[in-house]
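S.K.: Have a look at the structure that comes next, please.
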Amino acid sequence: MPHHHDHSSEHSHKHSHGHDDHGHAHAGGHHHGNPTDHGRAFVIAIVLNSLFVIIEFGYGFIANSTALMADAGHNLSDVLGLALAWGAAILARKAPNEKFTYGLRSSSILAALANAMFLLVACGAIAFEAIIRFSQPPVIASMTVTVVATIGIIINGVSAWLFMNGSKDDLNIRGAYLHMAADAAISLGVALTGIVMLFTAWYWLDPVVSLLIVAVIIAGTWGLLRDSVKLALNAVPSHINVTDVDNYLRSCEGVASIHDLHIWAMSTTESALTVHLVIPAGYPGDDFIDEITHTLKDKFNIQHSTLQVEQGTTNHSCGLHTHS
């Protein structure tokens, strides 16, 4: 986290964190559903998918299908991922305390990261089993595969739909949505394979489809992994243009220059900013600071701004310089 300095009283220090909204009502076109809606969505999706994992793995074992067992393994990793994402969504709403002065908002970033890693581990296990099967494809109960996979399409489709409205603005919810949507597509692939095997007895299709499942999961997970790693490393969130923020702050009346501008993600939905504003005429008053804070929130979707006003008589900075 960027370091905040305790300057003497000649440098006015103004914090404006807008804790009334906790990031659940976003300006500038960003909004996401009521967090309680997601709580219900998580419970329904976790219960449905847990039951389906047990059924799918059992029938995959009976039908001798790696594709079904692979799909069950993937669904299990999703149940764990959903539980992580739900836990993070709850933690993100915990009030700040003396130990965690920002609250536990950033747990949602960790959950998105863990979710992506879970899926990649599951992919490795599925691919390994499928490759072993190529040498001697066993006879597979194709009808069972088709029926069970069709149930999977319905369950995963409903689960994905529950998370659809929050997936645009929240990386954590997007992780849950991507999992469910990928699962529905995968179950469709398994069902189609079952139908083909029913009529042709091409049992080698089973491990082939398992590897295709792996490719689909990796393709969908890579972006989530990349984005969550960036946020974990305090990168500027992708929807914020640093140059535009810099230009706006420099254009404010009375601001001669700015330095030590830092923007980072506090959670998968909220962003923070710190900056030193050099104003030779001295502290311009709270209204000036409040106006900048509101503009940063409404125009740039930065919810928590800390602005430090200086008269330009000091060389003191936080020692972190941005290199373009």
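S.K.: Is it fair to say Ala41 is touching a Leu at 6+ places or on another chain (Cβ under 8 Å), modelled with pLDDT of 80 or more and in the same structural domain as Ile213 (by TED's automatic domain parsing)?
M.R.: Answer is yes for this residue.
S.K.: Looking at the structure I just gave you, is Val229 in a helix (DSSP H, G or I), of a type in the set (A, V, I, L, M, F, W, C) and farther than 20 Å from Asp290 by Cβ?
M.R.: Criteria met by Val229.
S.K.: Quickly run through segment 262-307 and pick out the residues that are of a type in the set (A, V, I, L, M, F, W, C) and under 26 Å from Leu113 (Cβ atoms).
M.R.: Ile263, Trp264, Ala265, Met266, Ala272, Leu273, Phe300, Ile302
S.K.: Continuing with the same structure: Among the residues of segment 267-311, how many are acidic (Asp, Glu), under 17 Å from Asp246 (Cα atoms) and free of Cβ contacts under 8 Å to residues at least 60 places away in the same chain?
M.R.: Matching residues across segment 267-311 total 1.
S.K.: Scan segment 184-195 and tell me whether some residue there is modelled with pLDDT under 85 and either of a type outside the set (Phe, Trp, Tyr) or part of a helix (DSSP H, G or I) (or both).
M.R.: yes
The values are calculated or read from the model by the stated rules, or taken from the named source; none is laboratory data. Please read all numbers here as calculations on a predicted model, not as lab measurements. Positions of Cβ are generated from backbone atoms using ideal geometry, with glycine treated the same way; all protein chains shown enter the neighbour counts.
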